[in-house]
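Participant: Structure incoming, see below.
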Amino acid sequence: MDDQQGPNEHLRRVEVVARGVFEKSKFSSMPPRAKTKIFQPVPFQGRWELSTFSMDGLDSFARWNVLDSNSSRATVGRSELTCSSIEEIGLSVDPNWEPERHVNVVGWPDAEDARLSLAQALRDKQEFILREAI
């Protein structure tokens, strides 16, 4: 992790976020990408949120470490999205750094079909990285 984090770290602009994929059934191999379900938000305190983590400034090893340290399950893949691609489809990022590097994707509509459409758009914009065998 970078040593430049301070009390206002959550206020800085985030460029790349990632979601961990913990089951082989949650991604397809041809083409390699996480499935739509990975990008579906959950309701939390009156809004829909998709939990992600900032990958800014981290090498590949550190990116895996961030995802692993925030789950009790082994991360088998990660789906990375640029914040600009998230904003292009009408969603926004809300970094809260609780836990460290945590960023919510917000702005989801209440209509289920509209949320599904946005989740599919995120699926199509992702860069999926499959973890190599250790």
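Participant: Expressed as a whole number of Å, what is the distance separating the alpha-carbon centroids of segment 108-131 and segment 23-45?
Facilitator: For segment 23-45 versus segment 108-131, the Cα centre distance is 8 Å.
Participant: In addition: Per DSSP H run of at least 4 residues, take -39500 (n - 2.57); add these up for the chain, divide by its residues and hand me the 222 nm value, nearest 500 deg cm²/dmol.
Facilitator: Value at 222 nm, helices only, nearest 500: -6500 deg cm²/dmol.
Participant: Show the residues, 5+ positions off or on another chain, whose built amide H is closer than 5 Å to the amide H of GLU15.
Facilitator: Amide H neighbours of GLU15: ASP56.
A short reminder: the numbers here are calculations on the coordinates, not readings from a lab. The structure presented is a predicted model; accordingly, all values stated were derived computationally and were not measured.
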